[in-house]
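Enquirer: Sharing a structure here in structure tokens format.
The values are calculated or read from the model by the stated rules, or taken from the named source; none is laboratory data. Nothing here was measured: the structure is a model prediction, and the numbers come from that model. Please note: Cβ atoms are built from the backbone with ideal geometry, for glycine as well, and neighbour counts cover all protein chains shown.
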Amino acid sequence: MKGVLLVNLGSPDSPDPKDVKRYLGEFLMDERVIDVPLWARTLLVKGIILNTRPKASAKAYQKIWWDEGSPLIVLSERLQHKIQQQVDLPVALAMRYGSLTIKKGLQELVDKGVDEVFLMPLYPQFAMATTETILVLAEAIRKEHFPQISIQDLKPFYNNPQYVEVLSNSMKRHLEGKNYEHILFSYHGVPERHIRKRDVTKSHCKIDGSCCVTPSKAHEFCYRHQCLEVTRLVAENLGLKDGSFSTSFQSRLGFDPWLQPYTDRTIERLGKEGLKSMAIVTPAFVSDCLETLEEIAMEGKEIFFEMGGQEFTTVPCLNDDQEFVDLLANWIKEWSLTETVEA
């Protein structure tokens, strides 16, 4: 029997500093998030970050927390529910970090008789700290606890024409009737070393002005290329003029070089240059979360207004948008028609 497991990032159980600290500890100790030797990661995370950051992060979570709970969890549950209404297979939900674990999600499916799982990381682009860490953990859990099942995964869909159309349509609806001077495509940042580590050619990714637009098999695992492609394809679909849009990266951590340009500095620069109205979309996420609701919609807006801006609009993530639901449901239906794979 076949079943589906949707996997998103995760969230603290509450905005209480203790829950936030526990969540951050699990998240930041992931070797694919902070990819340094264990001793250095332990010193950095447990010795420094977890003694300084949880209170500030808890305040940020408190700003965006809903009565129903974590926005990311609630929105993911809505997405799961809507998809389940459209498909005959059992659909479970899990998070990479937090209480709603991948093990629990797989157990739920196994309890329903599932022995073949379609694992759907809810990320359009591939990255070490998102898609890869989900796939690696899911396979480890399968081997240890559920050797009787097989797992197939949804490949990154950043350049899928149907996804590009859905994202473009969402932007059209939310920006309809408004004339913005600039649209900023903001993606979650990663350290530059992550890009080089996943360069299968070991030489292509130079993170310069040409490598991401020069055809290469390295692009299959290049997060930067895939982000730039989303921007290019959506801009082409919407007919955006050169100069009226750009790409940036948010949420950097530490002192190592991260993908640039940085979102906060880009917003600041646009305001200083006299821009009065801008819109921002965050296509690295499919569900609104702390990084979109607080870092962008609140902090980004504050920066823009301080620089003289007057209109700042954030385009919601796809969340449980019906077109997105239909797209994921159709991919599940297509997968369900494939031949069963031996575990």
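Enquirer: Of all residues being assigned to a helix (DSSP H, G or I) and in contact with a strand residue (DSSP E or B) (Cβ under 9 Å, 6 or more places away or on another chain) in the stretch 160-193, which is surrounded by the fewest Cβ atoms within 10 Å (Cβ to Cβ)? Just the residue, please. Full working, then the answer.
Expert: Kept after step one, since they are assigned to a helix (DSSP H, G or I), are these residues of the stretch 160-193: 161-175, 192-193.
Checking which are in contact with a strand residue (DSSP E or B) (Cβ under 9 Å, 6 or more places away or on another chain) leaves us with 167, 170-171, 174-175, 192.
Details: Leu167: 26, Ser170: 21, Met171: 21, His174: 14, Leu175: 16, Glu192: 16.
It comes out as His174.
Enquirer: Within the stretch 46-80, which residues are among the basic types (Lys, Arg) and surrounded by fewer than 17 Cβ atoms within 10 Å (Cβ to Cβ)?
Expert: Of everything in the stretch 46-80, those that are among the basic types (Lys, Arg) and surrounded by fewer than 17 Cβ atoms within 10 Å (Cβ to Cβ) turn out to be Lys46, Lys55, Lys59, Lys63, Arg78.
Enquirer: So His225 fits all but one of (1) at pLDDT 95 or above; (2) in contact with a strand residue (DSSP E or B) (Cβ under 7 Å, 6 or more places away or on another chain); (3) of a type outside the set (S, T, N, Q); what number is the exception?
Expert: Only one criterion in (1) at pLDDT 95 or above; (2) in contact with a strand residue (DSSP E or B) (Cβ under 7 Å, 6 or more places away or on another chain); (3) of a type outside the set (S, T, N, Q) is unmet by His225, namely (2).
Enquirer: I want to confirm something. Restricting to the stretch 215-236 and keeping residues that are in a loop (DSSP other than H, G, I, E, B) and surrounded by 13 or more Cβ atoms within 10 Å (Cβ to Cβ), which single residue is farthest from the chain's Cα centre (by Cα)? Spell out how you get there, then give the answer.
Expert: Of all residues in the stretch 215-236, those in a loop (DSSP other than H, G, I, E, B) come to 215-216, 222.
Now restrict to residues that are surrounded by 13 or more Cβ atoms within 10 Å (Cβ to Cβ): 216, 222.
On the way: Ser216: 24, Cys222: 15 Å.
The residue in question is Ser216.
Enquirer: From the list Asp288, Asp320, Asp264, Asp326, exactly one residue is more than 22 Å from Ser57 (Cβ to Cβ), modelled with pLDDT of 95 or more, of a type in the set (D, E, K, R) and out of contact with any Lys or Arg (no Cβ under 7 Å at 6 or more places or on another chain). Which is it?
Expert: Numbers: Asp288 fails: more than 22 Å from Ser57 (Cβ to Cβ); Asp320 fails: out of contact with any Lys or Arg (no Cβ under 7 Å at 6 or more places or on another chain); Asp264 fails: more than 22 Å from Ser57 (Cβ to Cβ).
Step by step, each of Asp288, Asp320, Asp264, Asp326 is checked, and only Asp326 is more than 22 Å from Ser57 (Cβ to Cβ), modelled with pLDDT of 95 or more, of a type in the set (D, E, K, R) and out of contact with any Lys or Arg (no Cβ under 7 Å at 6 or more places or on another chain).
Enquirer: Let me ask something else about it. Of all the residues that make up the stretch 285-314, how many are part of a loop (DSSP other than H, G, I, E, B) and buried (at least 21 other Cβ atoms within 10 Å of the Cβ)?
Expert: Quick first cut of the stretch 285-314, residues part of a loop (DSSP other than H, G, I, E, B) only: 285-289, 307-310.
Those still in the list that are buried (at least 21 other Cβ atoms within 10 Å of the Cβ) too: 285-289, 309.
Total meeting the criteria: 6.
Enquirer: Residue check: is Leu100 in contact with a Gly (Cβ under 8 Å, 6 or more places away or on another chain), surrounded by 13 or more Cβ atoms within 10 Å (Cβ to Cβ) and in a loop (DSSP other than H, G, I, E, B)? Can you show your working first?
Expert: Details: in contact with a Gly (Cβ under 8 Å, 6 or more places away or on another chain): yes; surrounded by 13 or more Cβ atoms within 10 Å (Cβ to Cβ): yes; in a loop (DSSP other than H, G, I, E, B): yes.
Taking the combined requirement at face value, the residue satisfies it.
Enquirer: Further question on the same structure: Would you check if there is a residue in the stretch 89-101 being free of Cβ contacts under 8 Å to residues at least 60 places away in the same chain and not assigned by TED's automatic domain parsing to the domain that holds Leu290? Break it down into steps so the answer makes sense when it comes.
Expert: Of all residues in the stretch 89-101, those free of Cβ contacts under 8 Å to residues at least 60 places away in the same chain come to 101.
Still in the list and also not assigned by TED's automatic domain parsing to the domain that holds Leu290: 101.
Yes, the stretch 89-101 contains at least one residue that is free of Cβ contacts under 8 Å to residues at least 60 places away in the same chain and not assigned by TED's automatic domain parsing to the domain that holds Leu290.
Residue by residue, here is whether (1) within 22 Å of the chain's Cα centre (by Cα); (2) under 26 Å from Ile73 (Cα atoms) holds:
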| site | (1), (2) |
| --- | --- |
| Thr247 | yes, no |
| Ala297 | yes, yes |
| Gln310 | no, no |
| Thr314 | yes, yes |
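Enquirer: How many of the residues making up the stretch 125-157 are outside any helix (DSSP H, G or I) and either under 22 Å from Asp35 (Cβ atoms) or of a type in the set (A, V, I, L, M, F, W, C) (or both)?
Expert: We begin by selecting, within the stretch 125-157, every residue outside any helix (DSSP H, G or I); these are 125-127, 146-157.
Among the residues that remain, those that are also either under 22 Å from Asp35 (Cβ atoms) or of a type in the set (A, V, I, L, M, F, W, C) (or both) are: 125-127, 146, 149, 151, 153-154, 156-157.
Total meeting the criteria: 10.
Enquirer: Further question on the same structure: Just the residues that are closer than 16 Å to Leu270 by Cβ and hydrophobic (A, V, I, L, M, F, W, C), please, taken from the stretch 230-246.
Expert: Leu240, Phe245
Enquirer: Among the residues that make up the stretch 320-336, is at least one of them in contact with a helix residue (DSSP H, G or I) (Cβ under 7 Å, 6 or more places away or on another chain), surrounded by fewer than 22 Cβ atoms within 10 Å (Cβ to Cβ) and polar (S, T, N, Q)?
Expert: no
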